[in-house]
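The values are calculated or read from the model by the stated rules, or taken from the named source; none is laboratory data. Everything quoted here is computed from the prediction, not taken from an experiment. Positions of Cβ are backbone-derived with ideal geometry, glycine not excepted, and every protein chain shown enters the neighbour counts. In case anyone asks, the SASA skips ligands and DNA or RNA and just uses the protein heavy atoms, side chains included. Shrake-Rupley method; radii C 1.70, N 1.55, O 1.52, S 1.80 Å.
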Amino acid sequence: MSDAFFAGSYGGNAQKLHDDSRLECKICWYIYDPAEGDTYWQIPPGTPFSQLPSHWSCPNCDGNKRDFMVVRDVS
């Protein structure tokens, strides 16, 4: 696979994110939506992905936070 395939990966770079950015787990496709937060990890609604604790992982498959990919909304 090419590097371009993972160009949307968060990779720990918060500069790629906005406070309302939604991100998707590249393993199970779980989408973290800041408007909803995360009940499993007790993350309140309104918490941007960039503000999640460093130990946070996907609540469905335990995928690594840095491996989430930015969801691009199609207009």
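A few remarks follow.
- Looking only at the range 29-50, and only at residues there that are small (Gly, Ala, Ser) and touching a Ser or Thr at 6+ places or on another chain (Cβ under 9 Å), the one that is modelled with the highest pLDDT: 37
- Odd one out for residue 4, checked against (1) modelled with pLDDT under 95; (2) surrounded by fewer than 12 Cβ atoms within 10 Å (Cβ to Cβ); (3) not in a helix (DSSP H, G or I): (3)
- Residues within the range 31-75 that are β-branched (Val, Ile, Thr), outside any loop (DSSP other than H, G, I, E, B) and over 19 Å from residue 16 (Cα atoms), tallied: 1
- Cβ separations smaller than 7 Å between residues 6+ apart or across chains give the following pairs from the range 16-38 residues that are over 17 Å from residue 57 (Cβ atoms) and open to solvent by 50 Å² or more (accessible area, probe 1.4 Å) to residues that are aromatic (Phe, Trp, Tyr) and assigned to a loop (DSSP other than H, G, I, E, B): 16/10.
- Leading residue by the ranking (surrounded by the most Cβ atoms within 10 Å (Cβ to Cβ)) among those in the range 51-63 that are among the polar types (S, T, N, Q) and modelled with pLDDT of 95 or more: 57
- Residue-level check: of (1) modelled with pLDDT under 95; (2) of a type in the set (S, T, N, Q); (3) in contact with a helix residue (DSSP H, G or I) (Cβ under 9 Å, 6 or more places away or on another chain), residue 75 misses just (3).
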